[in-house]
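*Asks:* Handing you this structure, nothing more for now.
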Amino acid sequence: MQKALETWSISLGALLVSVLLVAVFIASTGNSPGEVFYSLYRGAFGSWFSWQNTMVRAAPLLLTALCTALPARVGLIVIGGEGAFVVGGLSATMAGIAISTAPPFVVLTVMMLVAGVTAGGWLMAVGALRYYRNVNETISSLLLNYIAIALLNFLVIGVLRDPATLNNPSTYPIGDQNMIGAIGDSSVHWGLIYGLVACTLMWVLARKSIFGFAADVTGGNIRAARLVGLPVAKIVMFSCFLGGAAAGLAGAIEIAAVQGRANAALNAGYGYAGILVAFLARHNPLAIIPYALLLGGIQAAGGLLQRAHDLPDATVAVIQGIIFMVILSSEMLYGRFRWFQPKKVV
Amino acid sequence: MTEDKKALTANRRRFLKGLSAGTAGMAFASQMPSALAADKVSMGFIYVGPRDDYGYNQAHFEGKSALAALDWVKAVDEENVPESLEVQKTMESMINLDGVQVVFPTSFGYFDPHILKLAGEYPEVQFLHCGGLWDATKHPKNVGSYFGYIDEPVYISGIVAGHTSKSKKLGFVAAMPIPQVLRNINNFTLAARSVDPSITTTVVFTGSWSDPVKEAEAASSLIDQGVDVLTCHVDSPKVVVETAERRGIYSCGYHTNNAVLAPKGFLTGAEWAWSGLYKHYAELISGGKPIPNLMRGGLKDGIVAVSPYGAAVGEAAKVAADGVMKKFMDGSMVVYEGPIMSNTGTEVVPAGKSYPQTDVWLESMDWLVEGVVGSTQA
């Protein structure tokens with residue numbers, strides 16, 4: 001109880017401080033902070049259209065954030081979400097093209113499974129390199145991003161290319177009948193629901209299961225985990241696998257709900273934005289949901305800031321950066337306020 | 001959802017937003033719906049990269065900025081919009097929150113599926129895409145395409161480069177081996193070799209429209225190989241032109257006037273001149289006239305232009321380039337006139353055969369002409 005109160009108070013405090021700093025920044029650009037905040041609100045949450053805009057942008061972040069959050073629970077800083085997203089989208093497209101005449105339900109299921117397994121394996125390699133060869137997981141996962149993007153470009157320009165896509169090299173389409181539609185009357189696709197379900201399931205796994213407890217022990221002190229006989233290698237690699245699978249699923253959804261075929265547009269930065277969300281949520285899968293919405297909202301409003309206030313696109317990056325820095329700095333406040341600590345039993 | 005129902009919901013949505021019923025119900029079936037002669041023409045521009053890249057995006061931004069001179073036009077824009085759902089949401093946001101009547105999503109990859117999807121949902125809005133992809137048999141009537149024969153000013157660059165080069169080696173940094181890019185490389189090379197047939201162009205593909213690190217590496221390695229005039233076809237020419245200047249060789253610009261990037265070595269360059277076309281569109285809309293679904297033109301239509309010659313360009317080069325320019329302006333210039341050999345030794349254009357600029361056969365080009373060092377297999 002006190003722990004939850006501590007988390008809430010510090011997070012809210014950090015958000016307030018970042019709002020203040022953002023206001024100072026906006027004032028320094030010669031704009032009125034009040035008007036800009038109103039535009040932010042209007043563009044992100046001010047109407048049903050804006051809400052849909054925000055949710056659509058948050059949907060992939062829910063899954064790519066898990067890619068950093070899950071390995072973080074075993075103590076690994078993995079930033080390979082972008083690569084896993086691309087590998088997932090690419091493998092899902094290949095699977096989808098191969099069986100595009102099967103019933104759509106089968107096609108979509110196979111696409112997502114293939115994406116999950118391929119992208120999961122992609123990042124499991126990072127866990128294995130870390131565990132068996134002591135290779136720094138942050139660097140190896142970052143480099144794998146570049147390899148994934150190069151692989152995508154190579155295949156899309158080469159063997160997988162649909163010859164009809166003259167000036168925008170792309171693969172063959174998976175077929176309109178195999179596309180995921182929108183939820184009801186809205187413009188938000190079902191990927192949002194996949195993301196929400198995945199975050200909830202991962203929260204249950206992390207907080208309510210034996211595996212989650214074992215992962216927390218491994219992340220807390222790997223020697224202690226070994227000492228008590230936990231299968232540390234399996235735990236590390238499975239956590240990386242789950243993270244990769246989540247990002248891969250996001251890639252498959254990007255193909256099945258938006259693009260319809262793989263091309264260079266698959267590499268749109270969702271993987272990197274996911275890192276930010278995971279850190280903001282302090283690697284708690286359930287907390288990813290509000291932070292993904294917050295970031296999706298800022299991005300949704302970014303366009304309006306450009307159009308209504310003549311601010312450059314970099315403004316959004318600065319706002320995100322300020323929030324990120326303040327929330328990360330607030331980490332050191334945990335345990336500093338006696339008020340939140342449990343009373344010592346004498 | 002059927003097409004009709006889609007149109008209906010979109011209209012209802014706009015109606016509820018408090019727009020006039022007249023605008024909401026407006027949708028011609030036969031030709032592109034042109035907006036009412038409202039008090040202000042409202043236009044929205046979307047770029048895939050930054051407004052100040054000295055390149056593709058800046059060219060469109062300069063076109064949009066020229067509209068500021070017309071007080072009856074309201075133009076909004078947004079930069080760095082990826083070719084994903086984000087561009088769909090940006091278009092919708094411009095339509096719903098800014099009330100734009102016509103959207104100009106300028107990146108090639110915005111067309112399919114993003115523009116096509118929204119065009120169905122907003123039949124009363126016009127979507128004009130830069131790239132020339134519109135096809136009457138496949139695409140909605142409220143979508144259109146515009147593009148320019150940028151390879152014409154590239155040909156002029158090639159003439160000037162051919163006259164200026166001393167090493168007889170030209171360099172070309174290119175994004176990917178797609179028809180548009182191959183055509184620029186071929187035009188540049190054909191022009192230079194028309195000056196001196198011993199000239200070669202070495203091409204390096206970076207595999208990406210925007211990868212400054214690889215562009216710098218490619219430029220440096222070309223210069224190390226003895227190239228003394230460099231040009232490029234990537235989204236931003238900044239890195240290539242600046243690298244050429246720093247290493248003391250000549251350069252030809254692309255997309256915008258790059259003279260400021262290379263005060264010493266800049267020769268000339270191929271530029272887009274969108275301001276005229278964008279003003280033309282604004283006039284059509286305000287006059288309530290139908291907008292043609294396809295707009296295309298070259299130097300003589302004022303859609304593309306040649307950058308003013310730099311200080312390093314000699315008299316002979318100027319005379320030769322002006323001569324070719326004159327032929328482009330009177331329409332007598334034909335670049336692809338046989339016999340033309342490819343750099344793999346096959347005859348691509350037989351003797352006696354010629355393809356004028358407007359020939360669609362040129363738009364599926366997958367070969368490089370003799371004299372180009374490089375392969376279409378990136």
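Every number in this text was worked out from the coordinates using simple rules, so none of it is lab data. Just so it is clear, the structure is predicted and the values come from calculations on it, not from any experiment. Using ideal geometry, Cβ is built from the backbone for each residue, glycine included, and neighbour counts are taken over all protein chains shown.
*Asks:* Under 13 Å from the Cβ of A:Ser39, count the other residues' Cβ atoms, weight Lys and Arg +1, Asp and Glu -1, and hand me the total.
*Replies:* -1
*Asks:* I would also like to ask the following. Describe numerically, in nm with one decimal, the distance between label points set 7 Å from Cα along Cα→Cβ at B:Ala69 and at A:Thr138.
*Replies:* 5.2 nm
*Asks:* How large is the convex hull of the Cα atoms of the protein assembly as shown per residue, expressed in Å³ as a whole number? Could you put the intermediate results ahead of the total?
*Replies:* Working: hull volume 133.3 nm³, N = 724.
Per residue, the Cα convex hull of the protein assembly as shown comes to 184 Å³.
*Asks:* Here's a follow-up. Considering only B:Thr201, B:Thr137, B:Thr243, give the residue with the highest GNM mean-square fluctuation for chain B, with springs between Cα atoms whenever their separation is below 10 Å.
*Replies:* The residue with the greatest mean-square fluctuation here is B:Thr137.
*Asks:* A follow-up question, please. If amide hydrogens are placed 1.01 Å from N in the peptide plane, which non-local residues have theirs closer than 5 Å to the one on B:Tyr254?
*Replies:* Sorted by chain and number, the residues that satisfy this are B:Ala270.
*Asks:* Continuing with this model, one more query. For the stretch B:84-96, just list the computed ³J(HN,Hα) in residue order, Karplus coefficients 6.51, -1.76 and 1.60, θ = phi - 60°, integers in Hz, with x standing in for Gly and Pro.
*Replies:* With coefficients 6.51, -1.76 and 1.60, one gets 9, 3, 4, 6, 5, 5, 5, 4, 4, 5, 5, 6, 7 Hz.
*Asks:* Where does the longest stretch of chain B lie that holds no chymotrypsin sites (Phe, Trp or Tyr not before Pro) found in a DSSP loop with 14 or fewer other Cβ atoms within 10 Å?
*Replies:* Longest gap between qualifying sites, sites excluded: B:73-378.
*Asks:* Also: Between B:Phe205 and residues 5 or more places away or on another chain, which pairs have amide H atoms under 5 Å apart, with H built 1.01 Å from N, and which residues are they?
*Replies:* Those qualifying (amide H under 5 Å, at least 5 residues apart or on another chain) are B:Ala174.
*Asks:* Against the longest alpha carbon principal axis of chain B, how many degrees, from 0 to 90 and to the nearest 10, is the axis of helix B:151-164 turned?
*Replies:* 20 degrees
*Asks:* What do you get for the angle between helix B:179-195 and the principal long axis of chain B? Use alpha-carbon atoms, 0 to 90 degrees, nearest ten.
*Replies:* With both axes taken from Cα atoms, the answer is about 30 degrees.
*Asks:* Any idea how far apart A:Met325 and B:Val213 come out in nm if each label point goes 7 Å out from Cα toward Cβ?
*Replies:* Placing both labels 7 Å along Cα→Cβ, they lie 2.4 nm apart.
*Asks:* Taking the simple approach of a point 7 Å from Cα along Cα-to-Cβ for both B:Ser220 and A:His309, what is their distance in nm?
*Replies:* Taking the two extended label points, one gets 4.0 nm.
*Asks:* Then there's this: Have a look at A:Ser239, A:Ser9, B:Pro105 and report the one farthest towards the positive end of the charge dipole of the protein assembly as shown, computed about the Cα centre with Cβ charges (Lys/Arg +1, Asp/Glu -1).
*Replies:* A:Ser9
*Asks:* Between A:Phe337 and A:Val159, what is the FRET efficiency for a Förster distance of 56 Å, r being their Cβ-Cβ separation, to the nearest 0.05? Mind dumping the intermediate values first?
*Replies:* Details: r = 59 Å, r/R0 = 1.06.
For R0 = 56 Å, the calculated efficiency reads 0.40.
*Asks:* Could you work out the relative contact order of chain A, using alpha carbon pairs under 8 angstrom and six or more residues apart, expressed as a whole percent?
*Replies:* 36 percent.
*Asks:* Ok, one more. Where does the stretch B:220-378 land on Rg/Rh, using Cα atoms and the Kirkwood Rh?
*Replies:* Ratio value, two decimals: 1.01.
*Asks:* Please find the FRET efficiency linking A:Ile193 to A:Trp8, where r is the Cβ-Cβ separation and R0 is fixed at 35 Å, and quote it to the nearest 0.05.
*Replies:* On the way: r = 27 Å, r/R0 = 0.76.
For R0 = 35 Å, the calculated efficiency reads 0.85.
*Asks:* Let me ask you something else. Can you tell me the orientation of helix B:274-286 relative to chain B, as the angle in degrees between its alpha-carbon axis and the longest Cα principal axis, to the nearest 10?
*Replies:* Rounded to the nearest ten degrees, it is 20.
*Asks:* Next question. Could you tally the net charge around A:Asn284, taking each other residue with its Cβ under 14 Å from the Cβ of A:Asn284, Lys/Arg +1 and Asp/Glu -1?
*Replies:* Counting the neighbours of A:Asn284, the net charge comes to +2.
*Asks:* State the antiparallel share, in %, of DSSP beta bridges confined to the protein assembly as shown, rounding to the nearest 5. It would help to have the intermediate numbers written out before the result.
*Replies:* On the way: 11 of 50 bridges.
Close to 20 percent.
*Asks:* Stretch A:Val228-A:Trp48 to full length: gain in nm at 0.36 nm per residue minus the Cα-Cα span?
*Replies:* Residue separation times 0.36 nm, minus the Cα-Cα distance, leaves 59.6 nm.
*Asks:* Taking the Cα centre of each part, how many Å lie between the stretch A:70-118 and the stretch B:321-367?
*Replies:* One Cα centre to the other: 45 Å.
*Asks:* Determine the shape class of the stretch A:45-150: with a ≥ b ≥ c the square roots of the Cα gyration tensor eigenvalues, call it rounded for a/c under 1.5, and otherwise prolate if a/b is greater than b/c, oblate otherwise.
*Replies:* Values: a/c = 2.44, a/b = 1.25, b/c = 1.96.
Here the stretch A:45-150 falls in the oblate category.
*Asks:* Next question, about the same structure. To the nearest 0.05, what FRET efficiency results for A:Thr109 and B:Val260 with a Förster distance of 60 Å applied to their C-beta separation?
*Replies:* The computed FRET efficiency comes out at 0.60.
*Asks:* Could you tell me the distance between the Cα centroids of the stretch B:237-283 and the stretch A:205-255, to the nearest Å?
*Replies:* So the separation of the two Cα centres works out to 52 Å.
*Asks:* Another question, then. Checking the a/c ratio against 1.5 first, then a/b against b/c, what shape does the Cα gyration tensor give for chain A? Write down the numbers at each step before the final one.
*Replies:* Details: a/c = 1.88, a/b = 1.13, b/c = 1.66.
The shape class here is oblate.
*Asks:* If you don't mind, there's one more thing I want to ask. Take the eigenvalues of the Cα gyration tensor for the stretch A:294-346, scale each by 5, and report the square roots as semi-axes in whole Å, largest first.
*Replies:* Details: eigenvalues 305, 21, 9 Å².
Listed largest to smallest, the semi-axes of the stretch A:294-346 are 39, 10, 7 Å.
*Asks:* Ignoring the sites themselves, what is the longest stretch of chain A with no trypsin sites (Lys or Arg not before Pro) in a DSSP loop and at most 14 other beta-carbon atoms within 10 Å?
*Replies:* Working: sites that count: A:Arg336, A:Lys343, A:Lys344.
Result, exposed sites excluded: A:1-335.
*Asks:* Let me ask another. Only Cα pairs under 8 Å and at least 6 apart count here; give the relative contact order of chain B as a rounded whole percent.
*Replies:* 18 percent
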